[in-house]
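Structure first, commentary second.
Throughout, read-outs are computed from the coordinates displayed, never taken from laboratory work. All values derive from a computational prediction rather than experimental measurement. Virtual Cβ from ideal backbone geometry, glycine too; neighbours counted across all protein chains shown.
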Amino acid sequence: MWATVRLIRATLAFGLIALDYLLQLGLARLFPRSDRVDRRWERLHGRNARRLYRGCVRLRGVYIKMGQVLSVMGTFLPAPFQRELAGLQDAVPPQPWRTIRRALVQALGEDFMRHFRTFSETPVAAASLGQVHAAETVDGERVAVKVLYPNVKTIIKVDLRVLGWAMWLYKLFVPMQQLDRVLVQLRAMLERETDLAQEARALARMAADFADDPAVALPPVVPALSTATVLTMGFMDGVKVSDKAGLLALGLDPHAVGEVLVKAFYRAIFVHRFFHADPHPGNFLVTRGDAGAPRLVILDLGSAAELDDRLASGITHLLAGFMARNDAMIVAGMEKIGFVAPDGDRALLQQTVSKYFAKLAELNLTDLSQVDFRTAERFVDPELKRRELRTLMRALAYPEGWFEVERTAIMLFALSANLAPKLNTIEVGFPWVMRFLAKNPLPMVPRPTVEAAAHAASPTGTAHVDVTPLGALAEPAPVGQAQGS
């Protein structure tokens, strides 16, 4: 019964948004050249972004997760949605203790407290699908106990049905091919996040990946107190990665913390092909490591994802094209990833990429503090008419497997920009990209292009790696050490 009630509430909450957009779509068709109708779009986006935020907070669960995802999908959503939904990244209200206790009883038995000396009823963190409580085992070990909310899988099933209706509406405005893959990939991610046994395996795998790096740590799992719905881990102390005041109090430079974070992700993506797909600030702590250097503590690997060869190669093409200022290589990367629809207008796509790339090349990406809203306005192309825009969108497809990559890249970019606005993320990650290229060389990459890439990667114009030949590159230093010059 409660599932039916939830379905009705969600349908009513988001049905109003749907009706608002359908009305606007009708007006746009009746008055295609009306300036008044065009101006109404911005007000409409703002009003419905606020409605969506309130609906996500009231319904909780998958809708908070959906709001978190939508808040970082800057490629496909109007700006008001990004601004309104950003508040869902950290501010998630917890469930009451009676709900969590019921879940613990189901997972560990009615006498679950016999395993613990103490168990705090107040959570230390709350998320969309579960929350974490501090406890101490009978052996005196401090642990963090992650508990999934009861009936969460049934809730996901109901909520995904409503999201399917919303996706149908969204496709009326964004005629990108295979856009349904967003929902398919969201479902796959939610299945991983609601299997805490899978998360335990992910923690063990990533801990092994970074076992040689003292700058990265992950909590150890306590298998005897872990199930598919409860995950018990060693308790990790630290300052939240986005807490600059807390970092300074520890004597840590936020810029150095940002560098460790970015290096860790480049290594995970291009070397291990296994990465954290939910890098919001609540999932990272920082402590003082050896010799006072930052030590990054990685939490919550429920949404960890693997990068296949196709995506890895395509992303490398994109990065190499950007660093070499080669828009043809960028388009080639888009094709490898799966962005270009088989029957799309490739000429229009390449023309658009060339225009935007020329504008992007004018930006000083070595200092992100100087990139503001007015700077971003320069990317608006007044010559691109609405009909051409729809033709361009039909030339694009939503790639399989791109959901986690895009989400990770945007969230990581925003987090590192807040920590270290002057950090050149391309330069920091360049050795790891080159390590990938050494084993997987791009076809027909001439020497001048590679030299240009090295030049573009460094704000001083001096490469920090030997690019001649790719196979002779030095191994990148561990995340916690300086890269060799």
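Exceedance of the 27 Å cut-off in Cα-Cα distance is limited, within the set K65/K422; K153/K240; K263/K422; K336/K422; K146/K240, to K65/K422; K153/K240; K336/K422. A simple packing score, the average count of other Cβ atoms within 10 Å per residue, orders the peptides 217-224, 425-432 as 425-432, 217-224, with the highest score first.
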